[in-house]
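Each remark here refers to the structure printed beneath this line.
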């Protein structure tokens with residue numbers, strides 16, 4: 001099967017330019033011209049990568065990215081942006097983009113970045129590992145030091161998100177948006193409740209806890225005392 005790429009871009013000339021170039025390189029390319037249809041296509045169909053403009057009608061590119069990360073955390077996403085400042089780049093990467101490209105750009109660079117993302121995606125394992133904690137995404141099993149741990153679907157999703165961001169803090173807002181697919185609100189104590197559920201299953205009975213509170217920020221997985 002050909003590699004299939006979704007391009008979410010409202011500028012018809014830019015979308016046509018990208019589509020033509022990628023098609024010439026033997027990729028199968030679909031184009032969505034607004035955020036609403038782009039998010040729908042990314043969620044409902046199988047793609048190997050997404051090229052996502054941030055300035056979109058109907059639904060913003062940032063919201064499309066949030067929805068993709070909530071449903072398909074492993075799908076490579078290359079963000080197209082008109083802003084090239086350091087703060088903007090950091091913001092896009094922190095929101096879940098795998099890479100970014102500042103407009104205007106040369107197709108050769110876009111092509112090279114897409115190939116890099118596809119190689120990275122092909123290497124992605126169905127196993128997540130941190131210290132003595134292991135998760136099998138296919139079998140949906142979790143073990144710590146070889147001991148099987150039974151988790152609910154939400155506990156599994158929360159732990160997967162923590163594992164994918166291991167050794168770096170994640171905020172309660174990030175957790176709510178990625179695990180519950182909701183915007184942060186006054187009911188955010190659900191995060192603390194589920195973190196406690198996980199601690200009772202993951203850390204209880206072990207001398208070294210892995211789930212840590214980062215004061216004023218949120219939580220993180222770490223294998224050292226904090």
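What follows is calculated from the coordinates using simple rules that are stated; it is not laboratory data. Every value quoted in this text rests on a predicted model; they were computed, and no experiment measured them. FYI the Cβ positions are ideal-geometry reconstructions off the backbone, even for glycines, and counts take in every protein chain you see.
A few remarks follow.
- With a Förster radius of 22 Å applied to the C-beta separation of residue 102 and residue 25, the computed FRET efficiency comes to 0.55.
- Ordering of 103-110, 154-161, 60-67, 48-55 by burial proxy (mean other Cβ atoms within 10 Å per residue, highest first): 48-55, 60-67, 154-161, 103-110
- Calculated on alpha-carbon atoms, Rg and Dmax of the chain in Å: 19.0, 60
- Computed over the stretch 4-123, the alpha-carbon pair-distance distribution with 5 angstrom bins reads 2, 12, 25, 27, 22, 10, 1, 0, each value a whole percent.
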